[in-house]
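**Q** Please see the structure below; I have some questions.
The values are calculated or read from the model by the stated rules, or taken from the named source; none is laboratory data. Because the structure is a prediction, the values reported are computed rather than measured. Here the Cβ positions follow ideal geometry from the backbone for every residue, glycine too, while neighbour counts run over all protein chains shown.
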Amino acid sequence: MEKTVNIYIMGKQYEVPASLTIMTAMEYAGYKYVRGCGCRNGFCGACGTIYRIKGEFELKTGLACQTQVQEGMYISSVPFFPTKKATYDIREIKPTEQIMMELYPEIYSCIGCNACTKVCPQSLPVMQYIAYAQRGEYKKCADTSFDCVACGLCSTRCPAGITHAQVAVLARRLTGKYIAPETEHLKQRVAEIENGEWDAPVAEVMAKSIDELKDLYNNRDIEK
Amino acid sequence: MLTEEMLASIKKVEATRQARLGMDLRKMTADEKDALLKEYHPDYKDAGFETLHVGPNKGEKVPSELRHLLEGTSRVLGKDIDLENPKYDVDVLIIGGGGAGSSAAIEAFNAGANTMIVTKLRIGDANTMMAEGGIQAADKPNDSPAIHYVDALGGGHFCNKPELLKKLVCDAPGAIKWLNDLGVMFDKEEDGTMVTTHGGGTSRKRMHACKDYSGAEIMRVLRDEVWNLGIPVVDYTAAIELIKDENGKVAGAVLQNMETNELYVAKAKTVIIATGGAGRLHYQGFPTSNHYGATADGLILGYRAGAPLLYADTIQYHPTGVAYPSQIFGALVTEKVRSLGALLVNVDGEAFMNPLETRDVTASSIIRECSTRGKGVPTPGGGYGVWLDTPMIEMIHGEGAIEKRIPAMLRMYLQYGIDMRKEPILVYPTLHYQNGGLKIAANGMTDVENLFVAGEAVGGIHGRNRLMGNSLLDIIVFGRNAGQNAAKAAKETTVGKLTLSHVDAFQKELDDAGIESDCVSPKLLPDYTRKVNQ
């Protein structure tokens, strides 16, 4: 007989196999997801979950698809939380300190409680990347926030009402577009293609018979 | 908790590791590959396929689960749907909010079209978000679109549609530049040179990446751009049938609210199907690396409307899905792990193949190792796996390389107490990608007027097997292409009286063929709910 544990889905008790994740345990209990389930692999942030273990005071968090159930787990999923998304034209804005003040002024109301960092299921130093954003250090903010899946759990706990994930997206887009070094070989190749310089070599390959192509493929040199 | 057998096998893996460093493993000959595929690849298992009785591909074989859905009962039959008063009336309707749908939306919007996205989950709940390894483009001096063409053609068993493949490789550098200009953070050297690696079947290092969050980074930028442009996204709303006009052109879709089941009518001048893949149909009982909504809905809608499928009988099994632990069974272990130098090793610690063969060959080789050769490592679930010797990565690239290059993989395994920097991980093929799909011309349109398709729902770009990194590429190239051309076609279209008569006609075909079905389609979501005492 497989080992089981007792979990409490929105307060209601269910006995489920101990090997399951929160997500598969919900399905085992009889739920069918519409909300709160996306990629089921830890990338999309749809299944942010808050839980508390019976008898313990600390609130814990995890992605339901990546977190194994435990005995006495009180589970509340957070499939949606009202957050703020500022809109902008990425071609018009520049990576200045002012832009963050204009678009996300509430980040300057951070009281330093660090609750955002404590709840991050990806273990990111969330408050730290917000501090980088405050100072206009967008590359640091971008690198530090890179593994964010935008589950929004940080925002549920923030007394200043910050939408951390959106601040991070802005910092990353500014970094990718303006701060990261430009790629000369990419610009050059795009220009060559636009000038039609590769039309003939591609046409030449396309004109070959399948046998010729097979020969070409099976004997092509492979970069070490 | 690793089993005793696993621990004993790891000892053997450790014992051979040093000797395997720098080992030059021979690639298989064309004949060896052919024989291997025929014997072991799931596409060659007749029992997994059924013949279509009706529709444009009548007489052809498709996976059984797909056949059931294609010949299932429409969700609109018997419903009273008021086509005269549509809730939405737009130029371009995009079904699906992944990378292809979002790229299409941005381009259609920028071309001046009144554009709307409907998605049964949220924008970004898509396989794009989960693509880890990277995106191909021939943008380095030692590479060219022509070399990229030959690599993809060989990988696709020479079945790729030439005009589609040409577009894929020639528009690839432009796609990377478009993403870079939108603010996608590609891995670069200090001087701006792209960090590129090999993927299975590539002859040049042309895999661009954003750590191992490549698809996630691309998707979140595209999603942000859709929001910035103010393109309406109707979420938790599925398209359950296409609508045509009296002239036979596609002219909208019937939508269903996933939570309240309310039906809506969306009228449109052109429609783009960008509904993605089919992993959640679990062909031949395989686990899948796909997202929750990957149920081939767009194929059902398009087929009923008369659009033919191409290569719907070819499925990609990613060689390295998680075999253990059970909590993440079937999840993807990115090909980048092999690109970085980890070898595939059997229960006795032997490297049994060059790890950078194409995906179909690699998957078949692993299946052979675990079946007839008896060299697999047993898992508690009753299955088998082979080792992917991840500690080699740090020996080759230095300490810290795993955290820097594949942080998502490291994090996923650490959740279950497995440190891939120190111990190898157990893998087995997982259902990953639908090579086939709806047939399109180079402008993205199907044989049915004003019905466009982009992304994984398309068939023909990749032939009968896709190379790593060509899917993130195709969603951008063909997503943008469909968006531009659908916007253009919308300008030249006047929509006539709306009708669902093609659905009735399809049902009549089924009746005439004597097909009785208890399957309602499209499927919309898989059913994983345990049912007791109901």
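**Q** Any chance region B:145-164 includes a residue that's in contact with an Asp or Glu (Cβ under 7 Å, 6 or more places away or on another chain) and buried (at least 23 other Cβ atoms within 10 Å of the Cβ)?
**A** Scanning region B:145-164, I find no residue that is in contact with an Asp or Glu (Cβ under 7 Å, 6 or more places away or on another chain) and buried (at least 23 other Cβ atoms within 10 Å of the Cβ), so the answer is no.
**Q** Restricting attention to region B:391-412, report how many residues are more than 27 Å from B:Asn470 (Cβ to Cβ) and in contact (Cβ under 8 Å) with a residue 24 or more places away in the chain.
**A** Of the residues in region B:391-412, 3 are more than 27 Å from B:Asn470 (Cβ to Cβ) and in contact (Cβ under 8 Å) with a residue 24 or more places away in the chain.
**Q** How many of the residues making up region A:90-138 are part of a helix (DSSP H, G or I) and either surrounded by fewer than 17 Cβ atoms within 10 Å (Cβ to Cβ) or touching a helix residue (DSSP H, G or I) at 6+ places or on another chain (Cβ under 8 Å) (or both)?
**A** Going through region A:90-138 one residue at a time, the tally reaches 26.
**Q** Which condition breaks for B:Met130 when tested against (1) more than 9 Å from chain A (Cβ to nearest Cβ); (2) buried (at least 23 other Cβ atoms within 10 Å of the Cβ)?
**A** (1)
**Q** Tell me, yes or no, whether region B:429-446 has at least one residue that is touching a helix residue (DSSP H, G or I) at 6+ places or on another chain (Cβ under 9 Å), among the hydroxyl-bearing types (Ser, Thr, Tyr), in a loop (DSSP other than H, G, I, E, B) and touching a residue at least 40 places away in the same chain (Cβ under 8 Å).
**A** The answer is yes; a qualifying residue exists.
**Q** Another one. Working only within region B:492-522, note down all residues that are assigned to a strand (DSSP E or B) and either within 17 Å of B:Leu70 (Cα to Cα) or of a type in the set (Phe, Trp, Tyr) (or both).
**A** Correct list: B:Val520, B:Ser521.
**Q** Do the conditions hold for B:Ala489, that is, is it within 14 Å of chain A (Cβ to nearest Cβ), surrounded by fewer than 24 Cβ atoms within 10 Å (Cβ to Cβ) and over 20 Å from B:Asp297 (Cα atoms)?
**A** Working: within 14 Å of chain A (Cβ to nearest Cβ): no; surrounded by fewer than 24 Cβ atoms within 10 Å (Cβ to Cβ): yes; over 20 Å from B:Asp297 (Cα atoms): yes.
When the stated conditions are applied, B:Ala489 does not pass them.
**Q** Hey, can you tell me all the residues within region B:106-125 that are farther than 23 Å from B:Glu259 by Cβ and not polar (S, T, N, Q)?
**A** Across region B:106-125, the qualifying residues are B:Ile106, B:Glu107, B:Ala108, B:Phe109, B:Ala111, B:Gly112, B:Ala113.
**Q** Can I ask one more? So which residues in region B:148-180 are in contact with a Lys or Arg (Cβ under 6 Å, 6 or more places away or on another chain) and within 8 Å of chain A (Cβ to nearest Cβ), if there are any at all?
**A** The answer is B:Pro173, and nothing else.
**Q** Filter region B:218-237 for residues that are part of a helix (DSSP H, G or I) and more than 10 Å from chain A (Cβ to nearest Cβ); which is surrounded by the fewest Cβ atoms within 10 Å (Cβ to Cβ)?
**A** B:Val226
**Q** Follow-up question, since we're still on this one. Anything in region B:219-276 that is more than 13 Å from B:Ile117 (Cβ to Cβ) and either of a type in the set (A, V, I, L, M, F, W, C) or touching a His at 6+ places or on another chain (Cβ under 7 Å) (or both)? List them, or say none.
**A** Hits for region B:219-276 are B:Met219, B:Val221, B:Ile240, B:Leu242, B:Ile243, B:Lys244, B:Val250, B:Ala251, B:Val254, B:Met258, B:Leu263, B:Val265.
**Q** Please determine, by comparing only the residues of region A:200-224 that are within 8 Å of chain B (Cβ to nearest Cβ) and acidic (Asp, Glu), which one is surrounded by the fewest Cβ atoms within 10 Å (Cβ to Cβ).
**A** Residue satisfying both the conditions and the ranking: A:Asp221.
**Q** If you take the residues in region A:1-22 that are more than 9 Å from chain B (Cβ to nearest Cβ) and not in a strand (DSSP E or B), which one is surrounded by the most Cβ atoms within 10 Å (Cβ to Cβ)?
**A** Ranking the qualifying residues of region A:1-22, first place goes to A:Ile22.
**Q** While we're looking at this one, here's another question. Among the residues in region B:438-451, are any surrounded by 24 or more Cβ atoms within 10 Å (Cβ to Cβ) and over 30 Å from B:His148 (Cα atoms)?
**A** yes
**Q** Testing A:Arg157 on (1) closer than 29 Å to A:Tyr51 by Cβ; (2) of a type in the set (Lys, Arg); (3) facing chain B (nearest Cβ under 10 Å), one condition comes back false. Which one is that?
**A** (3)
**Q** Of the residues B:Ile81, B:Ile94, B:Ile123, which is on the phi < 0 side of the Ramachandran plot, part of a loop (DSSP other than H, G, I, E, B) and in the same structural domain as B:Arg466 (by TED's automatic domain parsing)?
**A** On the way: B:Ile81 fails: in the same structural domain as B:Arg466 (by TED's automatic domain parsing); B:Ile94 fails: part of a loop (DSSP other than H, G, I, E, B).
After applying the criteria, what remains is B:Ile123.
**Q** Every residue in region A:96-117 that is in contact (Cβ under 8 Å) with a residue 40 or more places away in the chain and touching a Pro at 6+ places or on another chain (Cβ under 7 Å), please.
**A** A:Ile111, A:Cys113
**Q** Considering each residue of region A:169-199, count those that are within 35 Å of the chain's Cα centre (by Cα) and more than 9 Å from chain B (Cβ to nearest Cβ), and give that number.
**A** So the answer is 3.
**Q** When you scan region B:13-55, how many residues do you find that are under 30 Å from B:Gly514 (Cβ atoms) and in contact with a Lys or Arg (Cβ under 9 Å, 6 or more places away or on another chain)?
**A** Residues meeting the conditions: 9.
**Q** To continue, here is another question. Restricting to helices (runs of 4 or more DSSP H) lying wholly in region B:1-74: which have 3 or more residues that are of a type outside the set (Gly, Ala, Ser) and within 20 Å of B:Gly279 (Cα to Cα)?
**A** Where helices (runs of 4 or more DSSP H) fall fully within region B:1-74 and carry at least 3 residues being of a type outside the set (Gly, Ala, Ser) and within 20 Å of B:Gly279 (Cα to Cα), they are B:64-70.
Residue-by-condition table, conditions (1) in contact with a Lys or Arg (Cβ under 9 Å, 6 or more places away or on another chain); (2) modelled with pLDDT under 95; (3) among the basic types (Lys, Arg):
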position	(1), (2), (3)
B:Gly59	no, no, no
B:Ser64	no, no, no
B:Arg75	no, no, yes
B:Leu83	yes, no, no
B:Pro86	yes, no, no
B:Val92	yes, no, no
B:Gly96	yes, no, no
B:Gly99	no, no, no
B:Phe109	no, no, no
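A quick yes/no check of all residues on (1) over 24 Å from B:Asp504 (Cα atoms); (2) away from chain A (no Cβ under 14 Å); (3) among the acidic types (Asp, Glu); (4) buried (at least 21 other Cβ atoms within 10 Å of the Cβ):
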{"residue": "B:Glu259", "(1), (2), (3), (4)": "yes, no, yes, no"}
{"residue": "B:Gly279", "(1), (2), (3), (4)": "yes, no, no, yes"}
{"residue": "B:Tyr283", "(1), (2), (3), (4)": "yes, yes, no, yes"}
{"residue": "B:Gly306", "(1), (2), (3), (4)": "no, yes, no, no"}
{"residue": "B:His318", "(1), (2), (3), (4)": "yes, no, no, yes"}
{"residue": "B:Val322", "(1), (2), (3), (4)": "yes, no, no, yes"}
{"residue": "B:Leu332", "(1), (2), (3), (4)": "yes, no, no, yes"}
{"residue": "B:Glu335", "(1), (2), (3), (4)": "yes, yes, yes, yes"}
{"residue": "B:Ser339", "(1), (2), (3), (4)": "yes, no, no, yes"}
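**Q** Which condition number does B:Ala209 fail, the rest of (1) surrounded by fewer than 24 Cβ atoms within 10 Å (Cβ to Cβ); (2) more than 10 Å from chain A (Cβ to nearest Cβ); (3) aliphatic (A, V, I, L, M); (4) touching a residue at least 24 places away in the same chain (Cβ under 8 Å) being met?
**A** Among (1) surrounded by fewer than 24 Cβ atoms within 10 Å (Cβ to Cβ); (2) more than 10 Å from chain A (Cβ to nearest Cβ); (3) aliphatic (A, V, I, L, M); (4) touching a residue at least 24 places away in the same chain (Cβ under 8 Å), B:Ala209 violates only (1).
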